[in-house]
Amino acid sequence: MVMVVEVLAALLIVVVIVWFATRSKSEKKHSLEGSEQTNSPEHLAGSSLLEATMTGMREGLLVVNRDMRVVASNPAARKLFNPSVATLQSQRLTELTRNPAIYSAFLDGLKGLERSGVKVETHGPERQIFDLRVVPIGSANGNGAEGALGVFFDITRTERLEIVRQEFLSNVSHELRTPLTAIIAFVETLENGALEDQESCQRFLAIIRKNASRMHSLIDDILELTSIEGGNVQLRAGPVDLYTLVQDVCASAAAKAAAQNVTLKNNIEPDVMVYADERRLEQMLTNLIDNGIKFSREQGTVAISYESGTRDKILVQDNGDGIPSQHLERLFERFYRVDRARSRDMGGTGLGLAIVKHLALLHRGEVTVTSELGKGSTFTIHLPKPNSD
Ligand code: ADP
């Protein structure tokens, strides 16, 4: 990433320097030779193209003179420093920003030094992060430079992705470490003599198996999520008989539901058709119904129903404990759990809802949740109708 920014910065700087050179030449020509020659089509085509490039680019450009006053800037720089003024022209850099990193980078530029990789953060309502590169322009007779040019690259999105990536890695390591620690501990206990005791031996092996399965599920879910997010999952969308699909999912979940004393209810009318990738819709429903069972109470019910509208809605409703409202917003984030220990205990990975969310997005739909404490939760998959944009 840093390499790409560097290369782009170098390219931009060349373009910008050419632009300023062309501009100052044209201004000189204009004053010396009159307007006829400066308005030649070739000249206009060249300078207006550069002008358009500078105006249209997302990167902010700022040129200061030896007095640290702005002598040129583009709209992106104005937006960055002071969107309310018409021009930054003639303003002192200190009037535009109090950020010492920016000031010292431009100061170095005026001393004839190049600075790159200067990280600049804005603290307005919309926090943005920039990578600033400053180069000197023109030589002031061995006494530094005549001016300094700064290019501000918006790296907000990349930085955010980097934070998400780091959080994900640390979560994965943490999630894997817990079952692994249990496995090692029980193997050691067996090695230290528990093997002799048939009953403990069976119990410890069962714990080892449970933790190994947890690691297996976790790795499966991580791979699944990564491939969906990475765009490696191709949907094969077509008409799906929803009633039959829900019957199948309920049949697969029947043993689990019975073990928890939970009743599954398919409330879909037999002729309802939706447009989706059948296997992926099955995966979404399995996850939601599975959660409904897990977080249901004894004698609870998980009901699946359908509502038509501008989009098709498939609702999975339970009458379990419900989810406190402060958790709802983050519920579909990877590894987010209301009660981490309870989720783990039930073999959860904390990735199920993130997978459902991404599969719904892949269908150009979404998944939403409403919940009331003590009454239960409803998860809704919204799917666009075929041929709707
Ligand atoms: P998990 O593997 O923990 O089930 P999910 O991503 O499927 O991971 O769900 C994340 C969290 O959302 C769960 O740990 C639980 O706290 C909460 N949750 C999901 N579904 C329900 C539900 N039907 N009722 C109550 N809480 C739920």
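The values are calculated or read from the model by the stated rules, or taken from the named source; none is laboratory data. All values derive from a computational prediction rather than experimental measurement. Cβ coordinates were reconstructed from backbone atoms using ideal geometry, including for glycine residues, and neighbour counts include every protein chain displayed. Heavy atoms of the whole protein, side chains included, go into the accessibility calculation; ligands, DNA and RNA do not. Shrake-Rupley method; radii C 1.70, N 1.55, O 1.52, S 1.80 Å.
Listing for the model above:
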read-out: Distance between modelled label sites at residue 307 and residue 160, nm, 7 Å Cα→Cβ extension; value: 2.9 nm
read-out: Portion, in percent, of the accessible area of the stretch 212-295 that falls on carbon or sulfur, probe 1.4 Å; value: 49 percent
read-out: Relative packing of 357-367, 172-182, 342-352, which averages over residues the other C-beta atoms within 10 Å, highest first; value: 357-367, 342-352, 172-182
read-out: Environment charge at residue 108 (Cβ cut-off 10 Å; Lys +1, Arg +1, Asp -1, Glu -1); value: +1
read-out: The stretch 301-363 - charge dipole about Cα centre, Lys and Arg +1 at Cβ, Asp and Glu -1, debye rounded to 20; value: 260 debye
read-out: About the Cα centre, charge dipole magnitude for the chain (Lys/Arg +1, Asp/Glu -1 at Cβ), debye; value: 980 debye
read-out: Carbon + sulfur, % of accessible area of the stretch 85-155 - ligands and nucleic acids excluded, 1.4 Å; value: 46 percent
read-out: For the chain, with +1 on Lys and Arg beta carbons and -1 on Asp and Glu, the positive-most of 185, 164, 50 along the dipole; value: 50
read-out: Label-point separation in nm, residue 89 to residue 267, each point 7 Å along Cα→Cβ; value: 6.7 nm
read-out: Those residues of the stretch 210-225 whose amide nitrogen sits under 15 Å from the label point placed on residue 279, 7 Å along Cα→Cβ; value: 224-225
read-out: Computed lengthening from residue 251 to residue 111, 0.36 nm per intervening residue step minus Cα-Cα distance; value: 42.9 nm
read-out: Taking the chain and dividing mean pair separation by its residue count, relative contact order in percent (alpha carbons under 8 Å, at least six apart); value: 10 percent
read-out: Accessible area, probe 1.4 Å, largest first, for residues 282, 224; value: 282, 224
read-out: Charge dipole (the chain, unit charges on Cβ, about Cα centre) - positive-most of 120, 225, 211; value: 120
read-out: Pairwise FRET efficiency - residue 361 versus residue 168, Cβ, R0 = 25 Å, nearest 0.05; value: 0.90
read-out: Per-pair calculated FRET efficiency, R0 = 30 Å: residue 339 and residue 192 via Cβ, rounded to 0.05; value: 0.35
read-out: Accessible area (Å², per residue) of the stretch 128-257, counting only protein heavy atoms and a probe of 1.4 Å; value: 58 Å²
read-out: Relative contact order (%) - criterion: Cα under 8 Å, at least six apart; region: the stretch 324-389; value: 26 percent
read-out: Separation in nanometres of the label points that stand 7 Å from Cα toward Cβ, at residue 139 and residue 213; value: 7.6 nm
read-out: The stretch 132-228, relative contact order in percent, only Cα pairs under 8 angstrom and at least six apart counted; value: 19 percent
